[in-house]
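Rule-based calculations on the coordinates, nothing more; no lab input. All of these numbers come straight from a predicted model, not from anything done at the bench. With ideal geometry, Cβ positions are generated from the backbone for all residues, glycine too; neighbour counts draw on all protein chains shown.
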Number of protein chains: 2
Amino acid sequence: MRKVAIAEACMTRFGKHEKTSLELFTEIGLTTINRAGLYPRDIQALFLGNCLGGFGEGQAHMAPFVHSAMGLPMSSPAMRFECACATATVAIRNAALLVGAGVYDIVLAGGVEKTTNLSTSLATRTFAMASHAQYETPVGITFPGVFAMAAHMYADKYNIPLIELKKHMAEVAVKNHYYGSKNLKAHFQKEITVNDVLSGIMVADPLQLLDCCPFSDGASAVLITTEEKAKKITKKPIYIAGMGQASAGGLYVQQDITKAMARKTASKQAYLEAGIKPSDIDVCELHDCFTIAEIIAIEALGFFKAGKGYDAATKRHTYIGGKVAINTSGGLKAKGHPIGATGAAQVTEIVEQLRDEAGKRQVEGAKIGFVDTMGGDFGTVCNIILTA
Amino acid sequence: MRKVAIAEACMTRFGKHEKTSLELFTEIGLTTINRAGLYPRDIQALFLGNCLGGFGEGQAHMAPFVHSAMGLPMSSPAMRFECACATATVAIRNAALLVGAGVYDIVLAGGVEKTTNLSTSLATRTFAMASHAQYETPVGITFPGVFAMAAHMYADKYNIPLIELKKHMAEVAVKNHYYGSKNLKAHFQKEITVNDVLSGIMVADPLQLLDCCPFSDGASAVLITTEEKAKKITKKPIYIAGMGQASAGGLYVQQDITKAMARKTASKQAYLEAGIKPSDIDVCELHDCFTIAEIIAIEALGFFKAGKGYDAATKRHTYIGGKVAINTSGGLKAKGHPIGATGAAQVTEIVEQLRDEAGKRQVEGAKIGFVDTMGGDFGTVCNIILTA
């Protein structure tokens, strides 16, 4: 396998957009190609992530329409990937595998989603589609419900009073909003306090409003190519050092949702391939769809031992300057969560960090970054390790 | 790249099923693994094609749920592909590329769809999602409308009286129903006459009811592996000799819909890779979503010159024993069209033909087969050449 590099990575502002998914991705795709000094004719394949376009916008078969709007050559195949919230990361991983294998030299991969056009009642039904339609959705177990259960189980398992855990969870939200306030692309760019979180409306006990990420509109694209071509395109190529993907679909196969088994499997694959251990990671974008999800993730990824990650934000271990900088973009929590775009935006943040271009939220001297995206209720986990 | 083989290929009966997509694919996936004498633990990745599960069954993120239901190992990534009607062929092509590259040794690829649960009014809206949601759907140009226009344009372009063309189109339906009558898995297993077609209700002038394929429920799975492993699994491995995929999304980029530009590009890629020319093909499964679509396809694939394919069925050139046997399964027209499963079922038919296992519809001595699947209104075309 050839060494695979990211030559460019871009994202739109996350939040509310009037444009369609097709327009949003076309715009960011062309921006990415243009920033790399390339032309649409140079793109050999388009790997487009999108989760809800059929349901939300009446647009299936989105990839070839984006392909045409971008003016890519007919010989360049366009296809759509879907793995719930891990959609774009899976598209990027497949693109990287095929560039590594020599099938393509330059692939544009990423994702897009439009969620704010859904009415509130339809939104819950829509997002619940990533749950199991026979075993989960009919009994009313939505994603906030699953993560609320995970919080209760976590508190029980490690004998942490729920009110204590809730304060530490709130500190995760405070951290991620703090970094979101330094990210001009973030959906929410204002700081919040622990009291703001604890006084929010209850969504699914113990998760309050600010424990939950928003759904957003947005797109993000990543240009994946060979080491040789990347060096011609940019002075700062970023390399894909290791990747992993694992599946554990359905809550019914999961022995312990506080452990996120698929994440352990996927991250082990990535660490092994990269020859890197958790303590080597300088900066990590991970799947904080809820505050408790960040706590579960930092443990499953090996940054903290099981049952020891709950107060990491409180102790500032996960801030810049701490043990490992987590979600410097603001994370899903503050940067926002346009489902099919999220993984590509996480990659974009890590690329900016490793290029020393992250401005006010720069992790000084960051050389190794980690991307973690989870689909559904732990059903898919895709991990990518990037190096400068 | 390593030589890639198909060790096993199976499909459910196409037609109306009570089971969900998840159940249908799980069943056929396990059948495929079992017939190959393997176990779920042997499967290194699941590439699942599905087009409408989110909209039609409230089931996005289908791949990891199928993965768990089949008992595949957690380390084996499961992902969903979508390219409208070409969905499963695209999944299979990507699986073959990654097996060829040495990333995986054994991948289960294929697709599933459930369409008969949609109410009639919702069905039209649902299938129209594969049209361009800004430029096509709002002006009411559904797929029957596009192919009706193609028929009119074809008649005009080649100076064929429309009533003559309609009779030749009807002969395509007669042929495909004839072969469908010999296929126990087909949605429609009865023969029809030219008069049946010409006396059917008008769908979109000049297309009458029997010019149109049905939508069906069904699933199909293909086991893709290395030459070495395939030889251990089966006495009759089938090899992937060449593949192609091209994109021309949106009618607005297509200069001439009677030419199907993306198909020319995709098939050229496949022929070149295989070192095979159209006249070498013994048997071909192609995308006859409408009778006129088969005529357009046999020309674009190079079996007949442009403007000369319209009477091929009438002259029995496309029957077994003719120039090239086309759609011996019954095609989409009679075998049925469960969107996300169609490409895998086409591969399954060619595998059976090249193994001399097609029973009453066997093409004697067939050694080289061709698979052609089109997504949307010519937006995606994916081609695979198989050899015994």
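Computed from the C-alpha gyration tensor, the three semi-axes of the ellipsoid equivalent to segment A:41-120 are 24, 15, 8 Å, from longest to shortest. Debye calculation, C-alpha points only, no solvent: report log10 I(q)/I(0) for segment A:228-306 at q = 0.27 Å⁻¹, in the same order as the q values. Per q value, in the given order, log10 I(q)/I(0) is -1.37. Computed over chain A with a Gaussian network model linking Cα atoms closer than 10 Å, the most mobile of A:C51, A:C213, A:C85 is A:C213.
Which of rounded, prolate or oblate describes segment B:109-165 when judged by the alpha-carbon gyration tensor and an a/c cut-off of 1.5? Since a/c reaches 1.5 and a/b is larger than b/c, the shape of segment B:109-165 is classed as prolate. Dipole orientation for segment A:272-388: of the candidates A:V324, A:A312, A:G365, A:A312 has the Cα lying most toward the positive pole (charges on Cβ; Lys, Arg +1; Asp, Glu -1).
Any idea what angle helix A:87-100 forms with the longest principal axis of chain A, computed on alpha-carbon atoms, 0 to 90 degrees, nearest 10? Taking Cα atoms only, the helix is inclined about 40 degrees.
Once you sort the root eigenvalues of the Cα gyration tensor of segment B:275-388 as a ≥ b ≥ c, which label holds: rounded (a/c under 1.5), prolate (a/b larger than b/c) or oblate (the other case)? Walk me through the intermediate numbers first.
On the way: a/c = 1.37, a/b = 1.09, b/c = 1.26.
Rounded is the answer for segment B:275-388, as its axis ratio a/c remains below 1.5.
Please work out the FRET efficiency for the pair A:R316 and A:Y39, using the Cβ-Cβ distance as r and a Förster radius of 60 Å; give the result to the nearest 0.05. Could you put the intermediate results ahead of the total?
Numbers: r = 46 Å, r/R0 = 0.76.
The value I calculate is 0.85.
Report the residue, chosen from A:A69, A:A313, A:A130, that carries the largest GNM mean-square fluctuation when chain A is represented by alpha-carbon nodes joined by springs under 10 Å. Taking springs between Cα atoms under 10 Å, the residue moving most is A:A69. A straight Cα-to-Cα reach below 20 Å connects A:K190 with the aspartates and glutamates A:E171, A:D211, A:D217, A:E285, A:D288, A:E294, A:E349, residues fewer than 8 places away in its own chain not being considered. Using the Cβ-Cβ distance between B:I160 and A:S119 with R0 = 45 Å, the FRET efficiency computed as 1/(1 + (r/R0)^6) comes to roughly 0.35.
Legend: residue pairs B:K16/B:K268; B:K3/B:K268; B:K185/B:K259, Cα-Cα distance threshold 29 Å; pairs beyond threshold, B:K16/B:K268; B:K185/B:K259. Which residues in segment B:298-342 have a backbone N closer than 15 Å to a point placed 7 Å from the Cα of B:E364 along the Cα-to-Cβ line? Only B:320-323, B:325 fall inside the zone, counting backbone N under 15 Å.
Placing a label point 7 Å from the Cα of A:G359 along the Cα-to-Cβ direction, the distances to the matching points in the other copies come to 6.6 nm, shortest first. Here B:S279 yields copy-to-copy label distances, from shortest upward, of 7.1 nm, the label point defined as 7 Å from Cα along Cα to C-beta.
Separation of segment B:66-90 from segment A:111-189 is 26 Å, based on Cα centroids. Across 10 Å bins from the origin, how do the percents of Cα pairs in the protein assembly as shown run, short distances first? Percent of pairs per bin, in order: 3, 16, 26, 25, 17, 9, 4, 1, 0. Annotation: Cα Rg of segment A:1-138 relative to the compact-globule expectation 2.2 N^0.38 Å equals 1.10. Here segment B:205-363 is assigned +1 on the Cβ of each Lys and Arg and -1 on the Cβ of each Asp and Glu. Its dipole about the Cα centre then comes out at about 420 debye. Residues within the reach of a label modelled at A:D280 (point 7 angstrom out along Cα to beta-carbon, backbone nitrogen below 16 Å), restricted to segment A:344-388, are A:366-371, A:384-388.
Once you charge only the Cβ atoms, +1 for Lys and Arg and -1 for Asp and Glu, what is the size of the charge dipole of the protein assembly as shown about its Cα centre, to the nearest 20 debye? Intermediate values should be presented prior to the final figure.
On the way: 78 positive and 72 negative charges, 257 e Å.
For this selection, approximately 1240 debye.
Axis of helix A:143-157 versus longest Cα principal axis of chain A: the two differ by about 50°, to the nearest ten degrees.
Here are some pairs, A:K235/B:K264; A:K182/A:K367; B:K114/B:K175; B:K114/B:K166; which of them have Cα atoms lying more than 28 Å apart in this structure?
Numbers: A:K235/B:K264 39 Å; A:K182/A:K367 21 Å; B:K114/B:K175 26 Å; B:K114/B:K166 31 Å.
Going by Cα-Cα distance, A:K235/B:K264; B:K114/B:K166 fall outside the 28 Å limit.
Determine the distance separating the Cα centre of segment A:261-326 from the Cα centre of segment B:91-105; give it in Å without decimals. One Cα centre to the other: 31 Å.
Relative to the compact globular guide of 2.2 N^0.38 Å, what is the alpha carbon radius of gyration of segment B:22-82, as a ratio? All intermediate terms of the calculation are to be shown ahead of the outcome.
Numbers: Rg = 11.4 Å, N = 61, 2.2 N^0.38 = 10.5 Å.
Rounded to two decimals, the normalised Rg is 1.09.
Using the reciprocal of the averaged 1/r over all distinct C-alpha pairs, how large is the Kirkwood radius of segment A:178-286 in Å? Please list the in-between numbers first.
Working: mean 1/r = 0.0550 Å⁻¹.
About 18.2 Å, per the Kirkwood formula over Cα pairs.
Expressed as a fraction of 2.2 N^0.38 Å, the value expected for a compact globular protein of N residues, the C-alpha radius of gyration of segment B:147-221 is 1.21. Need one word for segment B:89-202: rounded, prolate or oblate. Basis is the Cα gyration tensor (sqrt eigenvalues a ≥ b ≥ c); a/c below 1.5 gives rounded, then a/b vs b/c decides. Judged from the Cα gyration tensor, segment B:89-202 comes out prolate (a/c at least 1.5, a/b above b/c). Counted residue by residue at 0.36 nm each, then reduced by the alpha carbon distance between them, the extension gain from B:E191 to B:K268 reaches 24.3 nm.
In straight-distance terms, cross-link reach from B:K229 covers every one of the aspartates and glutamates whose alpha-carbon lies under 17 Å from its own, apart from those fewer than eight places away in the same chain; here that gives B:E8, B:D42, B:D105. Start at zero, step by 20 Å, and the Cα-Cα distances of chain B spread as 32, 60, 8 percent across the bins. Each copy carries a label point for A:A123 at 7 Å from Cα toward Cβ; from one copy, the others' points are 3.5 nm away, ordered from shortest.
Principal-axis analysis of the Cα atoms of chain B puts helix B:162-180 at an angle of about 30° to the longest axis.
Can you tell me the dipole magnitude for segment A:117-223 around its Cα centre, using point charges on the Cβ only (Lys, Arg +1; Asp, Glu -1), in Debye to the nearest 20? Please report the intermediate quantities before stating the final value.
Numbers: 8 positive and 9 negative charges, 49 e Å.
So the dipole magnitude of segment A:117-223 works out to roughly 240 debye.
Using the Kirkwood formula over every pair of different C-alpha atoms, what hydrodynamic radius in Å results for segment A:176-215? Numbers along the way, then the final one.
Values: mean 1/r = 0.0932 Å⁻¹.
With all distinct Cα pairs of segment A:176-215 included, I get 10.7 Å.
Taking A:T26, A:T137, A:T342 in turn, the Gaussian network model of chain A (Cα-Cα springs below 10 Å) assigns the largest fluctuation to A:T137. Closest approach of any chain B Cβ to the axis that rotates B onto A belongs to B:A101, 2, distance given in whole Å.
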